[in-house]
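First up is the structure itself, then whatever we jot down about it.
The values are calculated or read from the model by the stated rules, or taken from the named source; none is laboratory data. Note that the structure is a prediction, hence the values are computed from the model and not measured. Cβ coordinates were reconstructed from backbone atoms using ideal geometry, including for glycine residues, and neighbour counts include every protein chain displayed.
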Protein chains: 2
Amino acid sequence: MISYNFYNPTKLVFGENTIEKIGELLSNVGSKKVLMIAGSGSIKKNNVYDITINSLRKNGIEWRECWGVRANPSLAKVREAIAIAKKEKVDAVLAVGGGSVIDTTKIVAAGVYADDIWQVFERKEKIKKALPIFTILTLSATASEMNCSAVISNDEENKKWGTGSPLLYPVASIIQPDVQNTLPWNQTVNGALDAMAHIMEYYFIGTNEETSIAVNEALLKTIIKSVEGLKVDAKDTISRANLAWAITLGLNGISGAGLKGGDWACHDMSHSISCMYPQIAHGGALGVIFPAWMKYVCDSNPQQFKRFAKNVLLTDDIESGIYELKQLLKSWNAATSLRELGVKEEDLRKLAEMTVSRGNIGKLSVLRLADVEKILEFAF
Amino acid sequence: MISYNFYNPTKLVFGENTIEKIGELLSNVGSKKVLMIAGSGSIKKNNVYDITINSLRKNGIEWRECWGVRANPSLAKVREAIAIAKKEKVDAVLAVGGGSVIDTTKIVAAGVYADDIWQVFERKEKIKKALPIFTILTLSATASEMNCSAVISNDEENKKWGTGSPLLYPVASIIQPDVQNTLPWNQTVNGALDAMAHIMEYYFIGTNEETSIAVNEALLKTIIKSVEGLKVDAKDTISRANLAWAITLGLNGISGAGLKGGDWACHDMSHSISCMYPQIAHGGALGVIFPAWMKYVCDSNPQQFKRFAKNVLLTDDIESGIYELKQLLKSWNAATSLRELGVKEEDLRKLAEMTVSRGNIGKLSVLRLADVEKILEFAF
């Protein structure tokens with residue numbers, strides 16, 4: 001029987017003029033001093049920073065700032081922020097940014113109470129306590145705003161690993177979709193690709209979990225429809241809002257209910273790629289890897305791949321489903337090969353080795369080194 | 001723009017052999033003595049009671065019992081249970097049953113801390129505190145196991161009213177779908193009809209909320225498919241599980257995200273019917289009222305009614321959508337008229353008056369006394 005736990009206590013505040021509520025949300029938990037964590041400064045251009053600060057000030061909340069979180073966020077930045085949080089004795093952390101900023105902020109929240117937070121990623125320690133986490137989302141992609149996991153890159157040891165704990169659920173997250181109206185097109189697309197990949201990691205191992213499978217088809221179709229809307233008009237706030245909510249639902253527990261934890265082989269491969277090539281966006285890598293993986297493993301669950309072709313891409317068979325998916329991504333100007341993304345052919349073997357360094361990957365079809373290498377070749 | 005808050009901290013434990021986890025779940029919040037609230041005794045026949053009690057015993061948790069919650073649960077039973085909870089100084093409440101038992105239990109949890117809990121329904125008081133609430137679901141219908149509202153009938157004053165508070169979210173709810181395998185067919189159908197109505201209350205006021213609209217279509221189609229599966233085999237545990245999860249998603253916040261609070265006119269009418277005729281099941285009344293309401297108000301949002309016909313019932317236009325819905329319910333042996341349910345024609349006016357006694361109803365189309373009377377006539 002379908003068995004699972006569903007638990008997600010994050011309060012989501014969604015819609016127009018919601019960022020200005022951040023001070024009140026922090027006040028609700030009695031916060032007096034917060035560490036704000038952010039990226040490279042785009043929030044100063046689109047007014048998000050000013051609205052945030054004004055709201056903190058209005059609610060009598062002191063704040064400190066830690067800037068410079070990059071894509072594929074680094075352990076070094078996490079450690080820098082933990083040091084500030086400890087020195088300044090903040091009582092809460094606030095991410096203002098996309099998934100990288102939120103993931104960093106989550107690990108800072110736990111890191112304040114840990115001897116060495118990386119030991120948690122090494123599975124040698126558990127998260128025992130964390131500061132209350134708040135987020136203001138500026139780029140929909142990872143759903144980190146409404147889940148309890150985080151992925152961090154340890155550059156020194158060449159590892160990009162994830163961890164999770166119920167203590168890492170944000171207390172509250174604000175999604176004001178119109179702040180994403182000014183995103184570059186490729187960032188919108190990469191966010192959509194990341195979310196589609198989250199949903200597909202669950203979807204393709206499905207068999208009889210009709211409720212989750214049907215909901216996932218609805219989410220995939222909505223994401224596609226919304227991106228098409230934004231292609232016509234990047235300031236179409238209705239498409240922007242629908243895309244944002246579908247992306248959050250893509251990895252907040254709803255998409256995975258009953259689907260045995262998901263497959264995640266494509267994510268493992270993509271993490272290796274952006275670990276070796278930090279300039280390659282996670283969503284971009286996923287958009288290339290997924291069709292190659294589908295081609296390699298579809299015989300393990302042909303009914304479900306056929307269903308995907310029919311219900312999501314409105315075509316007849318597995319092969320044309322994969323073809324139409326690639327055509328769709330191409331029409332969004334997404335890369336369709338690893339070569340196009342800048343990966344070198346001579347690195348494929350090493351990428352495959354990195355990917356299986358913690359063991360074989362995947363669930364629908366367990367992939368060994370040779371399988372991963374083959375998929376990367378398909379994707380090249 | 002679509003604006004809403006989403007917050008639902010209930011932990012859902014779903015699947016095979018999950019009832020036996022209740023003791024552990026109570027222990028997690030430090031409970032030592034719990035008040036178990038139940039209906040007329042069916043849980044003694046299907047072993048749910050024994051498994052529950054064994055789990056409590058194994059975890060060293062004392063318990064008291066309050067039996068006899070009826071369908072359309074009464075304020076009198078709520079007051080009886082509050083008295084026991086206070087006298088016995090329990091530290092938690094546990095519903096073992098369907099929506100009526102869960103609603104009763106929620107109001108008991110809050111009633112322990114109130115002078116007169118009915119004042120909350122009269123909107124003269126607010127819920128300030130509540131005991132931790134736990135539930136073991138034995139009949140999927142209301143989604144009360146994963147939301148924060150409750151409906152109670154005050155027989156003396158002839159009122160069936162609802163209330164809600166974030167304090168009424170269960171801490172944890174257990175759904176073990178196979179315990180529903182032995183339900184009479186009409187109870188399975190009434191549960192499905194209740195859930196379809198919840199979803200449709202939101203769905204039909206939709207316009208641009210694509211994510212929620214598409215998810216709701218997925219849920220409606222899954223409910224229909226699952227009921228069809230159970231019609232063939234009532235012990236088809238896969239259909240039972242998919243139905244249970246779709247029903248919970250039907251009113252746990254997901255189905256309503258961005259959909260302006262829903263319409264609820266059909267629920268208001270159905271509440272009056274089961275207030276005057278307590279033997280009429282809530283789901284049964286909704287199955288009759290909804291098609292009549294659709295016929296009366298469809299011109300207020302024709303696009304959405306057309307979309308429903310096409311995407312949920314696979315037919316062409318609004319009228320045939322309503323017709324196919326009625327045919328579907330008929331094929332499930334559900335009543336298709338108020339007359340069939342046992343309502344007397346001479347009561348229609350009084351039912352209409354009861355329905356608008358707190359003001360006009362509905363949102364898509366605001367309904368006055370004459371409108372309600374007309375819809376009831378359509379349904380008769």
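Here B:I37 qualifies as in the same structural domain as B:A150 (by TED's automatic domain parsing) and in contact with a Cys (Cβ under 6 Å, 6 or more places away or on another chain). One residue is enough: does the stretch A:284-293 have a residue meeting the conditions buried (at least 22 other Cβ atoms within 10 Å of the Cβ) and assigned to a loop (DSSP other than H, G, I, E, B)? Among the residues of the stretch A:284-293, not one is buried (at least 22 other Cβ atoms within 10 Å of the Cβ) and assigned to a loop (DSSP other than H, G, I, E, B), which makes the answer no. The residues on offer are B:A81, B:A38, and the sole one that is among the aliphatic types (A, V, I, L, M) and within 19 Å of the chain's Cα centre (by Cα) is B:A38. All of A:G250, A:G191, A:G258, A:G262 fail the test of being crowded, with 24+ Cβ neighbours inside 10 Å, under 29 Å from B:I223 (Cα atoms) and of a type in the set (G, A, S), apart from A:G250. Residues that are farther than 26 Å from A:G164 by Cβ, among the polar types (S, T, N, Q), in contact with a Ser or Thr (Cβ under 6 Å, 6 or more places away or on another chain) and at pLDDT 95 or above: does the stretch A:284-301 have at least one? The answer is yes, given that some residue of the stretch A:284-301 is farther than 26 Å from A:G164 by Cβ, among the polar types (S, T, N, Q), in contact with a Ser or Thr (Cβ under 6 Å, 6 or more places away or on another chain) and at pLDDT 95 or above. Scanning the stretch B:267-274 for residues that are surrounded by 24 or more Cβ atoms within 10 Å (Cβ to Cβ), in contact (Cβ under 8 Å) with a residue 40 or more places away in the chain and among the aliphatic types (A, V, I, L, M) turns up at least one hit. Within the stretch B:260-277, is even one residue over 30 Å from A:F14 (Cα atoms) and part of a loop (DSSP other than H, G, I, E, B)? Taking every residue of the stretch B:260-277 in turn, at least one turns out to be over 30 Å from A:F14 (Cα atoms) and part of a loop (DSSP other than H, G, I, E, B). What are the residues in the stretch A:168-212 that are within 14 Å of chain B (Cβ to nearest Cβ), closer than 30 Å to A:D91 by Cα and in a helix (DSSP H, G or I), if any? Once the filter is applied, which keeps residues that are within 14 Å of chain B (Cβ to nearest Cβ), closer than 30 Å to A:D91 by Cα and in a helix (DSSP H, G or I), the stretch A:168-212 yields A:P177, A:D178, A:V179, A:Q180.
When the stretch A:343-377 is filtered for residues that are over 25 Å from A:Q304 (Cα atoms), of a type in the set (G, A, S) and not in a helix (DSSP H, G or I), the ones remaining, listed by number, are A:S357, A:G359. The residues of the stretch A:215-251 that are small (G, A, S), within 18 Å of the chain's Cα centre (by Cα) and not in a helix (DSSP H, G or I) amount to a single one, A:G250.
Checked against (1) within 14 Å of another protein chain (Cβ to nearest Cβ); (2) under 18 Å from A:P177 (Cβ atoms); (3) aliphatic (A, V, I, L, M), A:I43 passes all but a single condition, namely (1). When A:M146 is tested against the conditions (1) more than 16 Å from the chain's Cα centre (by Cα); (2) farther than 13 Å from A:V101 by Cβ, the lone failure is (1). Residue pairs whose Cβ atoms lie under 8 Å apart, separated by 6 or more positions or on different chains, with the first residue in the stretch B:1-30 and more than 7 Å from every other protein chain (Cβ to nearest Cβ) and the second surrounded by fewer than 23 Cβ atoms within 10 Å (Cβ to Cβ) and basic (K, R), are B:G23/B:R57; B:G23/B:K58; B:L25/B:K11. Against the conditions (1) among the small types (G, A, S); (2) touching a residue at least 60 places away in the same chain (Cβ under 8 Å); (3) under 25 Å from A:L325 (Cα atoms), A:A172 satisfies every one except (3).
Annotation: B:I318 fulfils all but one of (1) more than 25 Å from B:V215 (Cα to Cα); (2) buried (at least 17 other Cβ atoms within 10 Å of the Cβ); (3) in contact with a Phe, Trp or Tyr (Cβ under 6 Å, 6 or more places away or on another chain); the unmet one is (1). Across the stretch A:34-79, the number of residues qualifying as farther than 22 Å from A:V171 by Cα and part of a strand (DSSP E or B) comes to 1.
Under the condition of being at the interface with chain A (Cβ under 9 Å from one of its Cβ atoms) and either surrounded by fewer than 24 Cβ atoms within 10 Å (Cβ to Cβ) or free of Cβ contacts under 8 Å to residues at least 24 places away in the same chain (or both), the residues counted in the stretch B:230-241 number 3. All conditions in (1) in contact (Cβ under 8 Å) with a residue 12 or more places away in the chain; (2) surrounded by fewer than 18 Cβ atoms within 10 Å (Cβ to Cβ) hold for B:R307, with the sole exception of (2). Applying a threshold of 9 Å to beta carbon distances and a minimum spacing of six or more residues, or different chains, the list of pairs starting in the stretch A:85-98 at a residue that is on the phi > 0 side of the Ramachandran plot and ending at one that is among the charged types (D, E, K, R) reads A:K89/A:K33.
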